[in-house]
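Working notes, structure below.
The values are calculated or read from the model by the stated rules, or taken from the named source; none is laboratory data. Just so you know, these numbers come straight off a predicted model, no measurement behind them. Cβ placement follows ideal geometry from the backbone for every residue including glycine, while neighbour counts extend to all protein chains displayed.
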């Protein structure tokens with residue numbers, strides 16, 4: 001699904017040695033390389049879900065979302081067993097003790113240098129490397145001592161090593177979406193063409209499963225290693241998945257392997273509310289396509305409540321209401337415009353799902 005709206009709360013990404021995060025078009029990224037512009041201010045509309053609101057058809061309210069009681073965060077597809085040797089996974093993965101930084105450290109199989117890449121919630125990056133020392137043949141110098149001291153002081157979790165195998169740190173903690181959502185992580189394979197050049201590198205897909213529905217994957221982690229060359233990675237795996245110490249963010253580190261000296265990493269950092277909202281929204285969109293309007297409305301409502309900056313959720317909720325002539329479409333569309341601005345207005349004008357309400361005074365007033 002392509003997201004076309006600007007969003008207020010952005011996931012942040014840290015790419016190591018040519019890695020990046022690929023998301024749907026409207027999801028604004030804060031990369032280590034720079035910042036993508038935010039949306040301009042939108043009209044102000046109250047978001048008092050569960051409270052009455054006047055529409056041209058009378059009084060209507062948006063339902064209050066019920067997420068159930070908080071509970072343990074769980075994942076399918078993590079942790080995984082990682083073979084070492086010709087593969088050089090990260091040996092430190094996770095959040096720092098204070099939750100400011102999220103990232104990883106790995107030791108390459110060439111020089112034997114250690115590299116670390118971390119990113120904070122605002123997109124500021126911190127990188128550390130012992131490459132200079134390693135190039136001089138010093139693998140135990142002051143750079144490594146300083147790096148290890150920082151990792152120890154900030155209590156960055158270490159992976160579990162058992163002989164030639166390792167697994168990422170255990171995913172633990174509590175979040176408010178435990179009743180509804182289980183995290184799902186899977187990898188899609190790369191592809192080599194007839195000329196033996198790479199057509200597509202492997203991709204790590206990250207999402208969740210709403211209880212009673214199939215998994216959806218709103219996020220993808222990809223490598224920038226070029227296609228059209230013979231340099232192919234054999235696979236990608238989740239090197240680490242973690243919940244921040246305050247429980248407000250999820251972090252994921254993806255690692256690509258292509259035998260010794262050929263590896264790459266990418267990092268996703270996103271709020272749990274933004275993550276859950278996109279899982280609810282993508283699942284609701286599937287239901288809408290199948291004609292299950294009541295089910296779609298329920299999940300779009302949860303997505304709208306979960307992330308107050310997410311414009312697509314109330315927009316989709318408005319579409320689902322409009323298809324049944326429900327007066328709450330006015331409230332939901334007004335909320336979407338408040339969050340997403342003119343981009344929402346332009347899309348609504350052309351969206352056939354609003355044909356049933358297109359001549360209503362409230363619709364013409366919102367999209368003028």
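Tabulated data for the structure shown
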read-out	value
Hey, residue 287 buried (at least 20 other Cβ atoms within 10 Å of the Cβ), closer than 18 Å to residue 345 by Cα and at pLDDT 95 or above or not	no
Pairs where the first residue, in region 344-368, is assigned by TED's automatic domain parsing to the domain that holds residue 296 and the second is modelled with pLDDT under 95 and outside any loop (DSSP other than H, G, I, E, B), C-beta under 7 Å, 6+ apart	362/55
Filter result for residue 301 (crowded, with 23+ Cβ neighbours inside 10 Å and either touching a residue at least 24 places away in the same chain (Cβ under 8 Å) or not in a strand (DSSP E or B) (or both))	yes
Every residue from region 319-342 that is surrounded by fewer than 24 Cβ atoms within 10 Å (Cβ to Cβ) and touching a strand residue (DSSP E or B) at 6+ places or on another chain (Cβ under 6 Å)	327, 328
Unique match (being out of contact with any helix residue (DSSP H, G or I) (no Cβ under 6 Å at 6 or more places or on another chain) and at positive phi) among 291, 327	291
Test: residue in region 144-153 that is touching a helix residue (DSSP H, G or I) at 6+ places or on another chain (Cβ under 8 Å), more than 30 Å from residue 281 (Cα to Cα) and not in a strand (DSSP E or B)	yes
Selected residue [more than 14 Å from the chain's Cα centre (by Cα), within 20 Å of residue 106 (Cβ to Cβ) and in a strand (DSSP E or B)] from 237, 233	237
Selection within region 179-196 - out of contact with any helix residue (DSSP H, G or I) (no Cβ under 7 Å at 6 or more places or on another chain) and closer than 28 Å to residue 280 by Cβ	179, 180, 182, 183, 184, 185, 186, 187, 188
Filter result (modelled with pLDDT of 95 or more, more than 16 Å from residue 272 (Cβ to Cβ) and surrounded by fewer than 21 Cβ atoms within 10 Å (Cβ to Cβ)) within region 204-230	205, 211, 212, 213, 214, 215, 217, 220
Check on residue 112, in a loop (DSSP other than H, G, I, E, B), over 29 Å from residue 210 (Cβ atoms) and in contact with a helix residue (DSSP H, G or I) (Cβ under 7 Å, 6 or more places away or on another chain)	yes
